[in-house]
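One structure below.
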Amino acid sequence: MYNKDLADFIRREIRSVQDWIEDAVLSHTVNMIPVYNLGFLRLPLFFNEALLKKIMTVSVDSNVPLPPILNMLKGIMDFMVEGVTGITYGDVYFYRAEYGKDESLHFHEIIHSIQWSGIGKKQFILRYALELISNGYIGNFFEVQAYGHQRRFESGGDPYDAEQAVKDELFEYIKKN
Ligand SMILES: [Zn+2]
């Protein structure tokens, strides 16, 4: 399948992916805990309290839930489905329990949640998928942005308003794409 066909395929499938995500999130409602309640010390230096209370987390013992469409695409892309330790769907993210204390992983997923709300759910799914097709996992704009901020967080530099920084960068990205 050529990339253009793949992009058309994803455009056609977007509604079913959205439905799948909605179901996955709804079926975990009872296990949700606001990231604010996990008691991390540095996250509040980068994100405001309201955001940390809004974003919900779900700890899972094995693999995080991934849309079945990825299994169809993984032969084509270098997206490592098995190695995923966290995944964000809007205001909710799932993470593998063994990484529960890894503040940096939580930081990364919060950046993704800001991306979702910044450009809207449907747009996020579509653009993330198209980025995957064009640039792979590592070169995907949304991962480049998340890993970039994550490195800044890990480097121990001065705290900054990460939500605003991400939104400003998204604005520039949307203008160009
Ligand atoms: Zn990521």
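Just so it is clear, none of the values below were taken in a lab; they were calculated from the coordinates. Just so it is clear, the model here is predicted, and its values are computed rather than measured. Please note: Cβ atoms are built from the backbone with ideal geometry, for glycine as well, and neighbour counts cover all protein chains shown.
Worth pointing out:
- Spin-label model distance (nm) - residue 176 vs residue 22, 7 Å beyond Cα toward Cβ: 3.4 nm
- Of the DSSP H helices in the chain, those whose Cα atoms cover at least 27 Å axially and whose Kyte score averages -1.0 or more: 3-26
- Viscosity 0.692 mPa s, temperature 37 °C, Stokes-Einstein D of the chain from Kirkwood C-alpha radius, µm²/s: 196 µm²/s
- Here the stretch 1-60 and the stretch 97-157 have alpha carbon centers that stand 11 Å from each other.
- Fully extending the segment from residue 7 to residue 123, taken as 0.36 nm per residue of separation minus the present Cα-Cα distance, adds 40.4 nm.
- FRET efficiency, 1/(1 + (r/R0)^6) with R0 30 Å, evaluated for residue 155 and residue 38 via beta carbons: 0.85
- Packing-based exposure ordering (other Cβ within 10 Å, fewest first) of 104, 59: 104, 59
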